[in-house]
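A short worksheet on the structure shown next.
The values are calculated or read from the model by the stated rules, or taken from the named source; none is laboratory data. A quick note: this is a predicted structure, and the numbers were derived from the prediction, not measured. Every residue, glycine among them, receives a Cβ derived from its backbone with ideal geometry; neighbour counts consider all protein chains shown.
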């Protein structure tokens, strides 16, 4: 959570950078004439038991070099064997993203020497990919409420299967580079998008939507923190119809990084042009400490990958796969869920998106509403996405790790709905249920004496008391300074340890103040 | 030969233990030929096991038969060097599928045989272990080359050290040395035998193959290795029945093509005469023999040079010394300098020059011009073959090599490309199209060196090819005369 806050702060800084420089624009250089063009390439690790071309396992947190078959270490004489589960995962992903499947696709070798790529080449699908021409539609929602949400579609150029590389770990102690091949050969789906986005916000919204889709179809875990989904962003700016020189930001490992890096890169390129310099075609990395993209110097030399067809694999023929079955088993996709929520519960896109972005909360929401359809959906939304989420963040618990059942949250909602507690105490109840898991919210309320005071006589008594105690405020109110009522209400709250039903109290107070 | 050994082992006039011991001492006695780079001397237990099985009647098809394996097939726990400094200390943890199947059939792997570094050559001369010498000599003061790259395996069989050996054939690497050494060399259809565990030269042309004294022995060994392999996607389930080898074969129903393009520059008179002799022999036995044309034959070698270099450049990328193999002892500033030095120090000049040209051909700006163009020409060469089979020809009969085995001194004076370009002329097109091909010895030249003939058939018509070769072998009586 701390990191999230920090990043948000930095986002604002970057945006401010942009705004400042826009305002400062000189006569010779009009930034408004320039538009930025962003295209993403996303590497999604396939969730499969074994690797793309070998029988080795793919466990993320396994002991170093324990998930390695002979083929993964490029032992001479070994040959690749296609894992049909990986192909099925890619087919399903392609179907969901509306791609045209190529009945026949083929594999190529992409050569470069890298310590964690033992064969000296990666097997990929450069020339004839598995699928082409798809699209993804998503909602772009700025945190700034003044900017209206809008829907955007990005076109997919192709989806290809390829191998992941291993990892190089630099050991500071021994001053050695160590290689872990556990990841080497894991199946990746590379999704290549057309350059049709404008900025970091759109880029991050696309990635969010893709994560939601993966959440549903389970072909990729989407765990960016484990590197299961990595984003490369191609960024360029232009003042004409032709695309400008682009830079490629490699390996963005979080949604925030995608947004910040793209926006920073646009800002950097605009400044270059402004200073009369040129954008160089290069690969850049994202430094999450300085929040800047930096040139990756060793890769500056133009790479010639010397592509060649992989001679040890037959062309991949999709006729062998039951595509109809895959198609019929597609679960409900996020777009459908989103539309259902909006029409059924009357939420706007912003509210819907907030809920959808936390799949665990979304499923809790459905549980709570399905359990009792008379519950107020907005209240459920508030309790889940504000109160409950805040408590989770406070405790640094990921929603999916929370062990609080939806029925418990539902009960909190009911306590609010029937005025048993007010919001202040509802919050306390939510905090308590993490520590006292065996107790129901109602029990917690009773034990702590947190019930809301809604009894009319009692409220009237309280009103009278504060009016007597603070005659100046009463006088102020009656002279027309209506704000003074708030002062009196706050004292009723204080007197009752915030248990008083303040809506009721405020109504009564008003009556008394007007009548007497 | 194998059936004879089988019989003697079964009627106990020979024991598997004695056979193993005799083979070891034979290899020792003929070590001057340099056929083996590693002899497996700790196979006693296997010999004893075979002996027991033969005694209790549970013997398998190759029980106790010693077989040699070219040193580019992975053998579990036994060094597999490819005759390169790069893999001098490489000990695989697994058996190549064909080796595994030989073992499962009771064969005793007796050792690993010499080859040109990573099978790149046609002499078995470019090896860190030094050249293999041909068992045939025209004069007692000079050695002839064994041919290559499976020279070690061919010499092992020709000299009687073992009855059969595994080789690999990418452009003629089995047939060329088999021809020079006067033994039978069989290159099966691409995809018939698993390549898993064969350290690749050109993946799209490499095939494991068999060297033996007789065609019948080739069939016996083939029958235990045939069949699909889940570890090799290019290995096909053909349902080819090796038993059909025993069915009747009548030459008078066969149509044999004599491709005139194989009568090329450099073809020696004696080889040409031998070719004519075989054609006439077939004709005498009422086989239909006709001249045919395969117009793209002459460009095959040039095409092969490009495709070979490209795959070599790619396949050799893994030899960096990081995970296995040779690693330079010098200090290094960077990853790049470490692997550059290691590769420089451990790969021979022939290997390095092919890597260099392959990388050149694969550059983005050259890919169309060289690689794609070569693939197109490969297709044309393949079409030449298809047209022959479509015209109802059953077999093609051609020379195997242009001459008899050159003298080692003469051969060394040529560069590797010239060596291969001449020596692979007749054998190489079969690898382009993947068809099965076999070489069998016909006669001796005036200077007492073997001359052989090559037969080819359409893809997966291996058994008929072997039947024809068997028929021809019986008529020629080469092995009976000269052994």
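Listed here are the residues, each with its yes/no results for (1) surrounded by 12 or more Cβ atoms within 10 Å (Cβ to Cβ); (2) within 14 Å of another protein chain (Cβ to nearest Cβ); (3) over 28 Å from residue A:209 (Cα atoms); (4) touching a strand residue (DSSP E or B) at 6+ places or on another chain (Cβ under 6 Å).
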residue	(1), (2), (3), (4)
A:283	yes, no, no, yes
A:287	yes, no, no, yes
A:325	no, no, no, no
A:341	yes, no, no, no
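Applying the condition of being out of contact with any strand residue (DSSP E or B) (no Cβ under 7 Å at 6 or more places or on another chain) and more than 14 Å from every other protein chain (Cβ to nearest Cβ) to segment A:118-147 and asking which residue is surrounded by the most Cβ atoms within 10 Å (Cβ to Cβ) yields A:141.
Selection within segment B:161-174: residues that are within 14 Å of chain A (Cβ to nearest Cβ) and not in a loop (DSSP other than H, G, I, E, B). The member of this set that is surrounded by the fewest Cβ atoms within 10 Å (Cβ to Cβ) is B:168. Has segment B:181-195 got any residue that is within 14 Å of another protein chain (Cβ to nearest Cβ), over 17 Å from residue B:438 (Cα atoms) and within 16 Å of the chain's Cα centre (by Cα)? Yes, segment B:181-195 contains a residue that is within 14 Å of another protein chain (Cβ to nearest Cβ), over 17 Å from residue B:438 (Cα atoms) and within 16 Å of the chain's Cα centre (by Cα).
Screening residue B:317 against (1) in contact (Cβ under 8 Å) with a residue 12 or more places away in the chain; (2) closer than 29 Å to residue A:307 by Cα; (3) touching a strand residue (DSSP E or B) at 6+ places or on another chain (Cβ under 8 Å) leaves a single unmet condition, (1).
Considering only residues in segment B:319-345 that are buried (at least 21 other Cβ atoms within 10 Å of the Cβ) and assigned to a helix (DSSP H, G or I), the one that is farthest from the other protein chains (Cβ to nearest Cβ) turns out to be B:342.
Report, by residue number, each residue of segment A:187-235 that is part of a strand (DSSP E or B) and buried (at least 22 other Cβ atoms within 10 Å of the Cβ). Matches in segment A:187-235: A:187, A:188, A:189, A:191, A:193, A:197, A:229, A:231, A:233, A:235. In the set (1) touching a helix residue (DSSP H, G or I) at 6+ places or on another chain (Cβ under 9 Å); (2) more than 30 Å from residue B:335 (Cα to Cα); (3) not in a strand (DSSP E or B), residue A:114 fails one condition alone, (2). Residues in segment A:69-82 that are at the interface with chain B (Cβ under 10 Å from one of its Cβ atoms) and part of a loop (DSSP other than H, G, I, E, B): A:74, A:75, A:76, A:77, A:78, A:79, A:80, A:81, A:82. Starting from segment A:372-383, take each residue that is modelled with pLDDT of 85 or more and list its partners that are outside any helix (DSSP H, G or I), counting only C-beta distances under 7 angstrom and pairs at least six apart or across chains. Cβ pairs passing all conditions: A:381/A:347. Of all residues in segment B:283-312, those being away from chain A (no Cβ under 14 Å), assigned to a helix (DSSP H, G or I), in contact (Cβ under 8 Å) with a residue 60 or more places away in the chain and touching a strand residue (DSSP E or B) at 6+ places or on another chain (Cβ under 9 Å) number 1.
Screening the candidates B:220, B:238 for the property of being more than 11 Å from chain A (Cβ to nearest Cβ) and either under 14 Å from residue B:184 (Cα atoms) or in contact with a strand residue (DSSP E or B) (Cβ under 8 Å, 6 or more places away or on another chain) (or both) yields one hit, B:220. If we scan segment A:103-112, do we find a residue that is under 21 Å from residue B:325 (Cα atoms) and more than 8 Å from chain B (Cβ to nearest Cβ)? Yes, the conditions are met somewhere in segment A:103-112. Test residue B:260 against the criterion of being at pLDDT 95 or above, in contact with a strand residue (DSSP E or B) (Cβ under 7 Å, 6 or more places away or on another chain), more than 13 Å from chain A (Cβ to nearest Cβ) and within 30 Å of residue B:445 (Cβ to Cβ), and give yes or no. Judged against the criteria, residue B:260 is a match.
In this structure, does residue A:87 turn out to be more than 22 Å from the chain's Cα centre (by Cα), within 14 Å of chain B (Cβ to nearest Cβ), modelled with pLDDT of 90 or more and under 30 Å from residue A:153 (Cβ atoms)? Spelling it out, residue A:87 is indeed more than 22 Å from the chain's Cα centre (by Cα), within 14 Å of chain B (Cβ to nearest Cβ), modelled with pLDDT of 90 or more and under 30 Å from residue A:153 (Cβ atoms). Selection of segment B:49-78 for residues being in contact (Cβ under 8 Å) with a residue 40 or more places away in the chain, part of a loop (DSSP other than H, G, I, E, B) and within 12 Å of chain A (Cβ to nearest Cβ) yields B:71, B:72, B:74. Identification of helices (runs of 4 or more DSSP H) wholly contained in segment B:409-477 with 3 or more residues that are modelled with pLDDT of 95 or more, surrounded by 20 or more Cβ atoms within 10 Å (Cβ to Cβ) and on the phi < 0 side of the Ramachandran plot yields B:428-433, B:462-476. If I filter segment B:79-94 down to residues being in contact with a helix residue (DSSP H, G or I) (Cβ under 9 Å, 6 or more places away or on another chain) and more than 10 Å from chain A (Cβ to nearest Cβ), which single residue comes out as farthest from residue B:340 (Cα to Cα)? Among those residues, the one meeting the criterion is B:79. Given the criterion touching a strand residue (DSSP E or B) at 6+ places or on another chain (Cβ under 6 Å), modelled with pLDDT under 95 and surrounded by fewer than 21 Cβ atoms within 10 Å (Cβ to Cβ), identify the matching residue among A:115, A:28, A:62. After ruling out the rest, the residue left standing is A:115.
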